[in-house]
Amino acid sequence: MRFDHDTLPQRVRFASGAAAENLAAEVAALGARRVMVIAATTEQELAHRITDGLPVVHRHDDVVMHVPVEMAERARAEAAAHGTDVLVSIGGGSTTGLAKAVALTTGLPIVAVPTTYAGSEATPVWGLTQDSRKTTGTDPRVLPRAVVYDASLTLTLPAGLSAASGLNALAHCVDSMWAPRTDPINQALAAEGVRALRTGLPLVVKEPDGLQGREQALYGAYLAAVAFASAGSGLHHKICHVLGGMFDLPHAQTHAVVLPHVLAFNGPQAPEAERRLAAAFDAPTANEGLARLRAHLNAPRSLRELGMPEEGVAAAAEAVVAAAPAGNPRAVTLETISGLLQAAWEGTEPR
Ligand code: NAD
């Protein structure tokens, strides 16, 4: 066994119902006196509830998906104008992404309070969109110094969005098994992430008001993101990145649709990943495990229902072939990727 593995520096506080006190402790540990809170309009009430006692100098609520550059610049200007010394982000991946965009140029520390299972809070990856093109990069300055997890903050996330967001997290685990920097440590984290997500997500859908499933899902989402940050982007993420950018598709739902197709495509050529995933799913095969989980989730099944035009398949396939990671377990060709995307567009069973 031979590998190099980096573990990223970040404190995690996980306790349901304790976001306010854990957030206050993290903000105090950073010596903050002038906090800028970033939370979307829809999460403002929730954000106010947990930031009441903090030294807040500004609240920013202009959040949209994929962080348009002009929005990042506005938030950066506001952070400077208010003499901000710590950023607190409260929300899903879009909100964390905006805080990261501010940290990227200012170096301000972030304390993240996630309210979906996207997992951006545990990665040093940033993304910015300009003229419909999304650019991503990695920078240690954007990794939040601390993450405050409180499953009670996710109770308002509707069951459908919870399922799609959970499958986005599951995709981090699956793709970590064959991504460019996959290693035994991130594979172990990914496998435990699969176990937690397959246990938690059906419970979230069955009892959306219960905390047990939400806690498992949030814990699994964190492990998934740590594994992904370490292993890098595999074929699945390259495909979703291309589709999201070309057709402006919803992030979590796109992952939910594409995942079974990539697993069926790569799995047979990646026996070790297949074995680990099947064990984590507690199923005879990884594909069977994912199919059983999806049967509980009522997640979207086709790119067609997400609004992708069928004539876009050919251009997307070309872009995926150009972006595919060199070490993917199965050869990526225009023909195989076109077939995969066509099946995902139609929502037929993965081949
Ligand atoms: P999102 O942040 O856009 O949230 C989706 C919707 O859910 C929004 O309308 C939001 O207001 C709402 N919402 C969030 N939390 C809620 C709650 N608790 N209750 C009710 N509604 C709630 O979507 P997302 O899937 O969390 O994040 C997607 C973005 O994150 C994409 O831009 C993606 O590229 C990025 N992302 C980045 C990384 C990374 O490592 N950099 C990782 C994953 C995702």
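The values are calculated or read from the model by the stated rules, or taken from the named source; none is laboratory data. Predicted, not measured: the structure shown is a model, and the values here were computed from it. Reconstructed Cβ throughout: ideal geometry from the backbone, glycine too, with neighbour counts over all protein chains shown.
At a glance:
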read-out	value
Output for region 329-351, where each listed residue is in contact with a Lys or Arg (Cβ under 8 Å, 6 or more places away or on another chain), of a type outside the set (Val, Ile, Thr) and in a helix (DSSP H, G or I)	Gly339, Leu340, Ala343, Trp345, Glu346
Meets criteria (modelled with pLDDT under 95 and outside the structural domain of Lys238 (by TED's automatic domain parsing)) for Val125	no
Some residue of region 42-50 being buried (at least 19 other Cβ atoms within 10 Å of the Cβ), within 16 Å of the ligand (Cβ to nearest atom) and within 30 Å of Arg181 (Cα to Cα)	no
Sole residue being within 16 Å of the ligand (Cβ to nearest atom) and either over 14 Å from the mean Cα position of the chain (by Cα) or under 20 Å from Glu288 (Cβ atoms) (or both), chosen from Leu223, Leu197	Leu197
Which listed residue is farther than 20 Å from His241 by Cα and more than 14 Å from the chain's Cα centre (by Cα), from Thr129, Thr84, Thr115, Thr138	Thr84
Test result for Glu305, out of contact with any Asp or Glu (no Cβ under 8 Å at 6 or more places or on another chain) and either surrounded by 12 or more Cβ atoms within 10 Å (Cβ to Cβ) or of a type in the set (Lys, Arg) (or both)	yes
Any hit, region 175-188, residues being part of a helix (DSSP H, G or I), under 22 Å from Ala286 (Cα atoms), in contact with a Lys or Arg (Cβ under 8 Å, 6 or more places away or on another chain) and in contact (Cβ under 8 Å) with a residue 40 or more places away in the chain	yes
Condition met for Leu167 (within 11 Å of the ligand (Cβ to nearest atom), farther than 30 Å from Val27 by Cα and buried (at least 24 other Cβ atoms within 10 Å of the Cβ))	yes
Residue list for region 204-219, filter: farther than 17 Å from Tyr149 by Cβ and in a helix (DSSP H, G or I)	Val205, Lys206
Qualifying positions in region 1-35 - of a type in the set (Val, Ile, Thr) and more than 20 Å from Ile90 (Cβ to Cβ)	Thr7
Pairs with Cβ under 7 Å, 6+ apart, first in region 12-27 and within 18 Å of Pro109 (Cα to Cα), second of a type in the set (Gly, Ala, Ser) and in a strand (DSSP E or B)	Arg13/Ala146; Glu26/Ala146
Criterion: exposed (fewer than 15 other Cβ atoms within 10 Å of the Cβ), assigned to a helix (DSSP H, G or I) and hydrophobic (A, V, I, L, M, F, W, C) - qualifying residue of Ala326, Ala322, Ala317, Ala252	Ala322
Residue in region 137-160 that is nearest to Asp6 (Cα to Cα), counting only those that are near the ligand (Cβ under 6 Å from one of its atoms) and of a type outside the set (Val, Ile, Thr)	Leu153
Residue, surrounded by the most Cβ atoms within 10 Å (Cβ to Cβ), within region 118-136, restricted to residues that are in a loop (DSSP other than H, G, I, E, B) and more than 7 Å from the ligand (Cβ to nearest atom)	Pro124
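Yes/no matrix, rows are residues, columns are (1) surrounded by 15 or more Cβ atoms within 10 Å (Cβ to Cβ); (2) out of contact with any helix residue (DSSP H, G or I) (no Cβ under 9 Å at 6 or more places or on another chain); (3) not hydrophobic (A, V, I, L, M, F, W, C):
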residue: Ala20; (1), (2), (3): yes, no, no
residue: Ala28; (1), (2), (3): no, yes, no
residue: Arg59; (1), (2), (3): yes, no, yes
residue: Ala75; (1), (2), (3): yes, no, no
residue: Glu78; (1), (2), (3): yes, no, yes
residue: Ser89; (1), (2), (3): yes, no, yes
